[in-house]
1. Considering segment 1-39 alone, what residues qualify as being in contact with a strand residue (DSSP E or B) (Cβ under 6 Å, 6 or more places away or on another chain), part of a strand (DSSP E or B) and open to solvent by 50 Å² or more (accessible area, probe 1.4 Å)?
2. Residue by residue through segment 40-69, note down the ones that are assigned to a loop (DSSP other than H, G, I, E, B) and of a type in the set (A, V, I, L, M, F, W, C).
3. Tell me yes or no: at least one residue of segment 70-80 is part of a loop (DSSP other than H, G, I, E, B) and of a type in the set (A, V, I, L, M, F, W, C).
4. Could you look through segment 40-84, keep only residues that are open to solvent by less than 50 Å² (accessible area, probe 1.4 Å) and polar (S, T, N, Q), and pick out the one that is nearest to the chain's Cα centre (by Cα)?
5. Taking segment 85-104 as the region of interest, how many residues are open to solvent by 50 Å² or more (accessible area, probe 1.4 Å) and part of a loop (DSSP other than H, G, I, E, B)?
Amino acid sequence: MSSNKIRTGDEVVVISGKDRGRRGTVNRILDDKLVVEGINIAKKHVRPDPNQGIQGGIEEREMPLHVSNVMLYNPDADKGDRVGFKWLGEGSDRRKVRIFKSSGEVVDA
């Protein structure tokens, strides 16, 4: 269930979990999960691999969050907001855009 309501590069707010209330930018989307910059940091034990030049030890990594645990950040309302879709234009210029549910404003210009 891939959600196209949130895309790479969007600013999101975490709405549940240990990082609740924090904001970050979406780096990667993995099916129904996403990796947010600076959010959900976990310590990962890494084995050394001389063939790939990996030293090994304990490193901190950004782990994926489920898409249901984040909301798109609305700078006008200064909080997370739900996202909907709307068709703009007529004929061949017609395109589908994302809108904020609270205000009806277009997310991407």
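The values are calculated or read from the model by the stated rules, or taken from the named source; none is laboratory data. None of the values given here were measured: they were computed from a predicted structure. Methodologically, a virtual Cβ is constructed for each residue, glycine included, from the backbone with ideal geometry; neighbour enumeration extends over all protein chains shown. Ligands, DNA and RNA are excluded from the accessible area calculation, which covers all protein heavy atoms including side chains. Shrake-Rupley method; radii C 1.70, N 1.55, O 1.52, S 1.80 Å.
1. E11, R23, T25, N27, R28, K33
2. So in segment 40-69, the residues assigned to a loop (DSSP other than H, G, I, E, B) come out as 40, 47-48, 50-53, 55-56, 63-64.
The answer is M63, and nothing else.
3. Scanning segment 70-80 turns up at least one residue that is part of a loop (DSSP other than H, G, I, E, B) and of a type in the set (A, V, I, L, M, F, W, C).
4. N69
5. Start the filter on segment 85-104 by keeping residues that are open to solvent by 50 Å² or more (accessible area, probe 1.4 Å), which leaves 85-88, 90-96, 101-103.
Right, trim to part of a loop (DSSP other than H, G, I, E, B) and you get 90, 94, 101-103.
Counting residues in segment 85-104 that are open to solvent by 50 Å² or more (accessible area, probe 1.4 Å) and part of a loop (DSSP other than H, G, I, E, B) gives 5.
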